[in-house]
Amino acid sequence: MLNPDLEHKLIIGTRIDATSYEDACDRIQTWATNQTSCYIVAANVHVVMTGYWQRNYQKIINNAALVTPDGMPLVWAMRLLGVKRQSRVYGPDLMLAWCDRAAKYGIPIFLYGGTEAMLAKLQNNLERRFPRLTIAGSYAPPFRPLTPEEEASDRERIQATGAQVVFVGLGCPKQEAWMSRQQGKLKAVMVGVGAAFSFHSGEVAQAPRWIMRLGWEWLYRLAREPRRLWRRYLINNPTFSILFGLQLFDRWIGIRSHRQ
């Protein structure tokens, strides 16, 4: 963790930082300029609950340089825990915000994940939206687990391009585990952005903004991909609500006891 002074809250044991798009981009720019090897996690309920069930994964999240509140339930949780003005810092939007910043300052990026076809569409869309953006390279690794030799080869591939920021679209929990393993070995800022590659390539439709603001994005995605996502949302979301409710109750009891 590179920010001991950054305000954060633990939500069911997972660290979530009080940040914004501008703050996150400022930090990425500083780390990229200094060639700091670190990673950023955009955390939603799925990430938090995966950390709850898999404590090694939770350690990976808590060791990140920055953990943003990617989902509205975590934004509401942060506000209930005292960060009154916390706003959403959504992975796909953070990707666009950073691409805008990178285009202005000439900071090259690399795209790692997805498929070759997806990356081609993604690169084309990003270059049209940000004409001055330097995409130093891209690579779609195999979906199977990589050997240590393959991971080393991928690091060399990325490093050779001169990219200072690497967007990683491997999905949770694979992308966070990959970034954690590269920390200290890859001189770049790694940003896990989950479904952003699918959204910005145009292969998957994003939920309308009004649905996102209401916190119903999960319902939209579940309706579109029920077989793949039913377990994530119909088990994780209610369990999160119960566990966070218990956390709030314990906090209230603690505050009340302290006052007495």
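The values are calculated or read from the model by the stated rules, or taken from the named source; none is laboratory data. What you see is a predicted model; the values in this text were computed from it and never measured. FYI the Cβ positions are ideal-geometry reconstructions off the backbone, even for glycines, and counts take in every protein chain you see. Each accessible area value is taken on the protein alone, full model and side chains, heavy atoms only, with ligands, DNA and RNA left out. Shrake-Rupley method; radii C 1.70, N 1.55, O 1.52, S 1.80 Å.
Applying the condition of being assigned to a helix (DSSP H, G or I) and not small (G, A, S) to the range 31-51 and asking which residue is farthest from G192 (Cα to Cα) yields T33. Return the residue satisfying two criteria in turn: it lies in the range 205-214 and is exposed (fewer than 15 other Cβ atoms within 10 Å of the Cβ) and assigned to a loop (DSSP other than H, G, I, E, B), and of such residues it is modelled with the highest pLDDT. Result: P208.
For the structure I just gave you, tell me whether I28 is open to solvent by less than 30 Å² (accessible area, probe 1.4 Å), of a type outside the set (K, R), within 12 Å of L94 (Cβ to Cβ) and not in a helix (DSSP H, G or I).
When the stated conditions are applied, I28 does not pass them.
Looking at Q183, Q164, which is the one that is under 16 Å from the mean Cα position of the chain (by Cα), under 23 Å from T36 (Cβ atoms) and at pLDDT 95 or above?
Values: Q164 fails: under 16 Å from the mean Cα position of the chain (by Cα).
The conditions single out Q183.
Residues in the range 42-92 that are of a type in the set (D, E, K, R) and more than 22 Å from I242 (Cβ to Cβ): K59, K84, R85, R88. Taking the criterion of being over 23 Å from A43 (Cα atoms) and in contact (Cβ under 8 Å) with a residue 60 or more places away in the chain, the residues of the range 94-117 that qualify are Y105, I107. Of the numbered criteria (1) open to solvent by less than 20 Å² (accessible area, probe 1.4 Å); (2) modelled with pLDDT under 95; (3) under 17 Å from the mean Cα position of the chain (by Cα), the one L6 fails is (3).
Restricting to the range 119-161, what's the tally of residues that are part of a helix (DSSP H, G or I), at pLDDT 95 or above and closer than 23 Å to R181 by Cβ? Spell out how you get there, then give the answer.
Step one: list which residues in the range 119-161 are part of a helix (DSSP H, G or I), which gives 119-129, 148-161.
Imposing the further condition that a residue be at pLDDT 95 or above reduces the set to 119-129, 149-161.
Filter again for closer than 23 Å to R181 by Cβ, leaving 119, 149-161.
Residues in the range 119-161 being part of a helix (DSSP H, G or I), at pLDDT 95 or above and closer than 23 Å to R181 by Cβ: 14 in total.
Could you tell me whether I242 is over 26 Å from I61 (Cα atoms) and either surrounded by 12 or more Cβ atoms within 10 Å (Cβ to Cβ) or of a type outside the set (F, W, Y) (or both)?
Values: over 26 Å from I61 (Cα atoms): no; either surrounded by 12 or more Cβ atoms within 10 Å (Cβ to Cβ) or of a type outside the set (F, W, Y) (or both): yes.
When the stated conditions are applied, I242 does not pass them.
Suppose the filter is closer than 25 Å to T36 by Cβ, open to solvent by 70 Å² or more (accessible area, probe 1.4 Å) and touching a helix residue (DSSP H, G or I) at 6+ places or on another chain (Cβ under 8 Å); does R155 pass it? For R155, the condition - closer than 25 Å to T36 by Cβ, open to solvent by 70 Å² or more (accessible area, probe 1.4 Å) and touching a helix residue (DSSP H, G or I) at 6+ places or on another chain (Cβ under 8 Å) - is not met.
The set of residues in the range 227-239 that are at pLDDT below 80 and open to solvent by 40 Å² or more (accessible area, probe 1.4 Å) comprises R227, R228, W230, R231, R232. What residue, among those in the range 52-84 that are touching a strand residue (DSSP E or B) at 6+ places or on another chain (Cβ under 9 Å), assigned to a helix (DSSP H, G or I) and closer than 18 Å to K174 by Cα, is most open to solvent (accessible area, probe 1.4 Å)? Applying the filter and picking the extreme gives Y52. For the range 31-49, a tally of residues being more than 23 Å from F110 (Cα to Cα) and open to solvent by 10 Å² or more (accessible area, probe 1.4 Å) returns 3. Scan the range 85-114 residue by residue and report those that are under 19 Å from T68 (Cβ atoms), open to solvent by less than 10 Å² (accessible area, probe 1.4 Å), of a type in the set (A, V, I, L, M, F, W, C) and not in a loop (DSSP other than H, G, I, E, B). Hits for the range 85-114 are L94, M95, W98, C99, A102, I109. Exactly one residue out of A160, A188, A196 is surrounded by fewer than 18 Cβ atoms within 10 Å (Cβ to Cβ), in contact with a strand residue (DSSP E or B) (Cβ under 9 Å, 6 or more places away or on another chain) and closer than 26 Å to Y105 by Cβ, and it is A160. For E217, state whether it is more than 26 Å from R15 (Cβ to Cβ) and of a type in the set (D, E, K, R). For E217, the condition - more than 26 Å from R15 (Cβ to Cβ) and of a type in the set (D, E, K, R) - is not met.
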